[in-house]
Amino acid sequence: MREGTHTHRSRCVRALLVSLLVGAGCGPDAPPVPREAPPFPAPAPASPAASVARADFVGAEACRGCHTEAYRAWAASTHGRAGGVPGPDVVIAPFDGSPIRFADGTVTPRVRGGTWEFVVRQDGFAEQVFPVVGVIGRGHMRGGGTQGFLTAVPDGTQRFLPWDWSRTAGTWFCNTGTRLDEGWEPIRADMALAACGDWPPLRPIGTLDRFANCQECHGSQIGLEFDAAAGTYETEYTTLQVNCESCHGPGRRHVEMAGAGTFTDVDIGLESLAWTDKDASLSVCFQCHALKDVIAEGYLPGEDLTDHYALAFPALGEEPWHIDGRVRTFAYQANHLASACYLEGPMDCVSCHEPHGQGYWDVDRQPLASPFDDGQCTACHASKAADPAQHTFHALESEGSRCVSCHMPYLQHPEVGEGVPFARSDHTIAVPRPAFDASLGIVSACAQCHQDTDAATLERWTEERWGAGKPQRPLIQAQRDALAGRGDPAALLRPDLTDPLVQFQALARVLTDHLQPDMGTLPPGVAERLEALAGSPDLEVRSLALAALHWSRGDDPRVRTLLVDALGRAEDAAALRGRWVLALGFLGDRARATSALQQSERAYAKALEIAPGDPRILSALGQLRSQAGDLAGAIDAFRGSLAADAAQPLVQVNLGVALEAAGDPAGARRALEDAARLDPHEALAWFNLGNLHQRAGRLPDAAEAYARAVAADPGLGRGQFELARTLLRLQRFQEALPHARRAVEFMPDHAPSRQMLADLERALGG
């Protein structure tokens, strides 16, 4: 039930019931709340209005008159030139009419009549034209710069087109992750168009749980909401640049006070960023430069980031970072939180990055020529500048003598593969450890230059030059021991340390590897340390520790009292509750994915103790019960979810599927038609209506419903197959042909689709 995260995929484990799912018998109910245990405090009523409104934003031009120098620096920066509407000053990719060649067709970027567009021609299909409505990125990044493109679709979303341009490689590429699992690959003439995982256009800009998406980062004040009254989505943004208010928050009141001359010593209409502490400063940048799990959708700059996003929670389950914080899959600069320069010093982003022009400076705000200038390090580590060659053992001015070459090397993000350059500087600012790095599968800073030297030799060289390496921080070493089968789980729990990202990772390992629901006893030392961590000042660590206690010992009256008191006393109760539920929902999803149905039911039941009536948890519970064959329980859960939030087309779909499986086709039809009325573009509503009509022998109605499904989602291979099959039964052979081809395109391993297409082409003469 986890919501979406950044860029590469949704973090939600959704079992969208597109056909009847009947599994083994249902497990027992979750254990009752222990007698004499106090109840959890009820959630506070929802705020009547958000603290920031879209009308509060005035755009960058409103800042220009008073803040001339800052505006000029911003306008020339990578933020000020991050994207926008298509035009020759924004587009860097070649839109010269040269086709991008696939094995089964071409995609031609061109400009016609002032419109920038992609023309798709595939064998056996009608030509399709996708106008570009927005441009994302301009290939600025040194380690691999890219540019992507948005097109508008009828449901109101603006979706990323599958074809991106790599400025660094000078080639078109696409993400094959969801189809071939080969990462980002340059497009080749032997590659099928469907190898691109986002074909047809799939990912919208903006955050919404229904879609895998890219959140609100690639522009300013991006919003995506479903309008139940209109039956469509509403996409809004101020600009596809990253504007002043993305960092400073809404400026309308500031501008009005400036015009009226009503500034005071303590109130200028917005919060100054000049004197924020390092964590508040980091949160400004972490709006975008961090992986995040969604607590609540609809974030706008100026609101409390913690009310909307959990920054450490991506470590739960997917493990995007290595045990020392370096990138293991795909991540952004939030691994700064694992840096000793942050943990033991004052370093935030603007210690090195000048925020308006995106240039570089040192901690004293002295400008630096480039990101490779040693001054950004030696301004703090002055002794290293006294005799650089003695410290680096490399010739002055050589690549190996630079601070960043050894401590902030560029590392290719593993999840994107090796096909397209996408390296980012390592913000953990690690000490080179060739043997340790090799054990993690990381090309160490030393090995990047000494490519023909093995890790053992490099390790020996480092010891000869610098002596024994700096000891690993305790929780890094504890995780290393755990991965090697050594140590005990209590060693992963260190409430005496301040090491929030790594502390969260280690705690997550204890939760997933050592804890079960309602355990009689915990491993030695674990209970005491979990209880100590439940008082952590770090919100992410505290919430996960409380969830771990609730999961493993929530039936113990003493622990129950501790949990209730912790939630009741919390000043940040809403943010704490959201993370607590997120952790329990993750445990429920994880157990359901492995058919551990009793555990899954317990996790969802515990989540509902913290968030009674939560529509997402109730929906997940309904899916679990459908999977377990408890159709009556599933129907109750889906109806409960809809009672809490009626604007959930997918829950209506799942309700319809469950009702049909329970022998109520009339009720199923009503639920599916309600889903289609609520969102006329919901493909799964139409697909399941088609199934219902087909099973009832209403073939014309089935064909119409399937046609609506594939119009909404052309990549729904099963919908293409069922439409083609229904049209064949209606003897509408010529109409069936393109849908049979689409079925094979999106389900190449589906033998019935291949056979149907072969028979149909043979009957129609090719």
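The values are calculated or read from the model by the stated rules, or taken from the named source; none is laboratory data. Keep in mind that what you see is a predicted model, and the values were worked out from it rather than measured. Cβ atoms come from the backbone with ideal geometry, glycine included; neighbour counts cover every protein chain shown. Accessible surface areas use protein heavy atoms only, side chains included; no ligands, DNA or RNA. Shrake-Rupley method; radii C 1.70, N 1.55, O 1.52, S 1.80 Å.
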Along the charge dipole of region 673-766, Cβ charges K/R +1 and D/E -1, which of 760, 738, 710 sits furthest on the positive end?
-> 760
The size of the Cβ-based charge dipole (Lys, Arg +1; Asp, Glu -1) of the chain about the Cα centre, to the nearest 20 debye, is 1560 debye
About its Cα centre, region 358-411 carries a charge dipole, from +1 on Lys and Arg Cβ atoms and -1 on Asp and Glu Cβ atoms, whose size in debye to the nearest 20 is 120 debye
Please identify the trypsin sites (Lys or Arg not before Pro) of region 136-188 that satisfy two criteria: DSSP loop assignment and at most 15 other Cβ atoms within 10 Å. Which are they?
-> 142, 188
Here the gain from full extension of residue 749 to residue 140, 0.36 nm per residue of separation minus their alpha-carbon distance, amounts to 215.3 nm
In Å², what does the accessible area per residue of the chain work out to with a 1.4 Å probe?
-> 43 Å²
Loop GluC sites (Glu not before Pro), region 376-415, which have at most 15 other Cβ atoms in a 10 Å radius of their Cβ (DSSP) = 397
Sequence-distant residues sharing a close amide H with residue 360 (under 5 Å, placed H) | 354, 368
Looking at the square roots a ≥ b ≥ c of the eigenvalues of the Cα gyration tensor of region 37-126, which shape do they give, rounded for a/c under 1.5, prolate if a/b is larger than b/c, or oblate?
-> oblate
Given charges at Cβ of Lys, Arg, Asp, Glu: the chain dipole, positive-most of 389, 526, 599 = 599
Using +1 at the Cβ of each Lys and Arg and -1 at the Cβ of each Asp and Glu in the chain, identify which of 144, 510, 195 lies farthest towards the dipole's positive end.
-> 195
Residues of region 680-721 with amide nitrogen under 12 Å from the 7 Å Cα-to-Cβ point of residue 192?
-> 717
Using a simple charge model, +1 on the beta-carbon of Lys and Arg, -1 on the beta-carbon of Asp and Glu, nothing else, what dipole does region 236-297 show about its Cα centre, in debye to the nearest 20?
-> 140 debye
Most to least packed among 513-519, 650-656 [average Cβ atoms within 10 Å] | 650-656, 513-519
Accessible-area composition of the chain, carbon plus sulfur, in percent [1.4 Å probe] = 53 percent
Note down the relative contact order for the chain as a percent, whole number, built from C-alpha pairs under 8 angstrom at least six residues apart.
-> 13 percent
Can you give the helix-only mean residue ellipticity at 222 nm for the chain, where every DSSP H stretch with n ≥ 4 adds -39500 (n - 2.57) and the sum goes over all residues, rounded to the nearest 500 deg cm²/dmol?
-> -11500 deg cm²/dmol
Between the modelled labels at residue 353 and residue 532 (7 Å from Cα along Cα→Cβ) the distance in nm is 3.5 nm
Work out how much length residue 513 to residue 111 would gain on full extension: take 0.36 nm times their residue separation and subtract the Cα-Cα distance, in nm to one decimal.
-> 139.2 nm
Extension gain (nm, one decimal) between residue 735 and residue 386, 0.36 nm per residue minus Cα-Cα | 117.8 nm
Residues listed by number, region 257-287, amide nitrogen under 17 Å from residue 55 label point at 7 Å toward C-beta | 257
